[in-house]
Each structure stands twice: as structure tokens, then as C-alpha cells.
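S.K.: Here it is: the structure, laid out below.
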Amino acid sequence: EDVVSHIDEIHRTLRREMRTVLFLSVTARNAEWYNSPLKDWETVVERWPKVTCDITESSKCFALDRFAGSIFHILLVAEFGVIQVGNLLGVSGDKPGWGCVQRLEQILDKPYKSRAPLEQEHSALLENIVPMIIAIKDSSRHKIMHVDNKLAWLDADFSPQIASEVISSTRGFMRRLAKELPVVPPWKP
């Protein structure tokens, strides 16, 4: 009877204590996203340490099945890359970011001989990365609207597959920029 009483008390104590602590369980794969959020991003964070926070938050959100948050943070990283390209070519405009994608496309739409010398010098890079930029931007086009260079969420129902694809595309884009984009001073309007 004494043992049963102690077991009951232990049981009540465990139940009481468990109400005070939130326990989240993640799969082993998601634990890797959480514990090593910068895995495969080394060249990017080495070149641009300021994107480390958003890459980390994107990975941790993904690990915790917070896919809208994951996409939000990774799109900030992609936008940072777009700004770097815009700065290189002097097309960032007064609102740098996704707004300069159209200006980058306009450069590519011009015949090579009609491009400015700087645009000609970086034509090969542009031809390779502008489609990547457009793919990233369009990957969430039904979920996000860009108004005045700000993200407006239309639908917060994001799947792990969409989030994974946006992250993967952004990682490829940013790694390519980290290796191939010349260092340029920040653009000043």
C-alpha cells in the first residue's frame, strides 16, 4: 500500500510538472535543420555574414514545420542577393530589392550591342542568374504579393515541398552569387 501511494504521488508529480514544460518533438531530419541551420550555406555566410540570421531562422522555422516563416526569411536572403546584383549594375533604384528584377530583365531584353559597357561586361552572369531570380520570385507568387517593394501574404498555407524548393533555389542562387559576383560598393541613390 505504501509503494502504491508513492507511485501515485510520482504519477501526480510527473503530470503536474509536464504541464509546466512544453515539449516539441522533431524528426531526426528536422533536427539536423534545427541544429545545423547553416549547413551548405558556408560560402554565402562567409561572403555576406549579415544574412546569417535569416538563413538560421529559415532553417529553424522549417525544422519546426513553420513553413510560411521559413519562406519569409529565405525570401529576405534572396532579396538581399537581388540587391547585390542591382547594386553591381546600378539599377537598384530608390527602392532596392524585388523591384529591380524588372530592370535586370530589361537589360537582358536589349541587344548586346545596345547595352552599356558595365551591362556588357556582366552579361553572362546576368543571363545565368536572372532566370534563377525569376524562379525564386515566382515560386511563391500565389502566396505573396509584392506591393511597394514589401511582402504582403495572400495565403499562409505553405507546404513543406514548396518551402524546401524555395530554400533550395535560394541557396543555389546565393552560392552562385557568392562565387561569381564581383565585390561592389553599396548603391547610393
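The values are calculated or read from the model by the stated rules, or taken from the named source; none is laboratory data. Nothing here was measured: the structure is a model prediction, and the numbers come from that model. Virtual Cβ from ideal backbone geometry, glycine too; neighbours counted across all protein chains shown. Side chains included, ligands, DNA and RNA excluded: accessible areas come from the protein's heavy atoms. Shrake-Rupley method; radii C 1.70, N 1.55, O 1.52, S 1.80 Å.
S.K.: Between [x] 36.5, 136; [y] 22.7, 95; [z] 16.6, 56, which entry matches Rg and Dmax of the Cα atoms in Å as derived from the coordinates of this structure?
M.R.: So the structure-derived entry is [y].
S.K.: While we're looking at this one, here's another question. Given +1 on the Cβ of Lys and Arg, -1 on the Cβ of Asp and Glu, and no further charges, what dipole in debye does region 3-91 carry about its Cα centre, rounded to the nearest 20?
M.R.: 240 debye
S.K.: Largest first, what is the accessible-area ranking of 33, 48 with a 1.4 Å probe?
M.R.: Ranking 33, 48 by accessible area, largest first, yields 33, 48.
S.K.: Using per-residue counts of other Cβ atoms within 10 Å, averaged over each peptide, order 22-29, 168-175 from highest down. Before the final figure, lay out the partial values.
M.R.: Values: 22-29: 7.9, 168-175: 20.1.
In descending order of packing, they fall as 168-175, 22-29.
S.K.: For region 1-89, what value does the Rg/Rh ratio take when both radii are computed over Cα atoms and Rh is the Kirkwood radius, given to two decimals?
M.R.: Dividing the radius of gyration by the Kirkwood radius yields 1.35.
S.K.: So what is the relative contact order of the chain, in percent, for Cα pairs below 8 Å that sit 6 or more residues apart?
M.R.: Relative CO of the chain lands at 23 percent.
S.K.: Going down the list 50/110; 95/137; 113/137; 50/95; 60/179; 39/60, which pairs span over 23 Å between their C-alpha atoms?
M.R.: Values: 50/110 34 Å; 95/137 17 Å; 113/137 28 Å; 50/95 19 Å; 60/179 25 Å; 39/60 12 Å.
In this structure, 50/110; 113/137; 60/179 exceed 23 Å between Cα atoms.
S.K.: Give the residues of region 45-64 whose amide nitrogen is closer than 20 Å to a point set 7 Å from the Cα of residue 24 in the direction of its Cβ.
M.R.: Correct set: 52-64.
S.K.: For a quick check, take a GNM of the chain with Cα springs below 10 Å and name the residue from 19, 115, 47 with the largest mean-square fluctuation.
M.R.: Highest fluctuation of the listed residues: 19.
S.K.: Still on this model: If you put +1 on each Lys and Arg Cβ and -1 on each Asp and Glu Cβ, how big is the dipole of the chain around its Cα centre, in Debye rounded to 20? Display every interim value, and only then the final one.
M.R.: Details: 24 positive and 25 negative charges, 133 e Å.
Rounded to the nearest 20 debye, it is 640 debye.
S.K.: For region 113-128, in order, what is each residue's ³J(HN,Hα) by Karplus, 6.51 cos²θ - 1.76 cosθ + 1.60 with θ = phi - 60°, in whole Hz (x at glycine and Pro)?
M.R.: Values, residue by residue: 5, 8, 6, 5, x, 5, 5, 5, 4, 10, 4, 4, 4, 4, 4, 7 Hz.
S.K.: With each label point set 7 Å from Cα along the Cα-Cβ vector, what nm distance links residue 12 and residue 108?
M.R.: 7.0 nm
S.K.: Would you mind checking the tilt of helix 2-18 against the longest principal axis of the Cα atoms of the chain, expressed as 0 to 90 degrees and rounded to 10?
M.R.: 20 degrees
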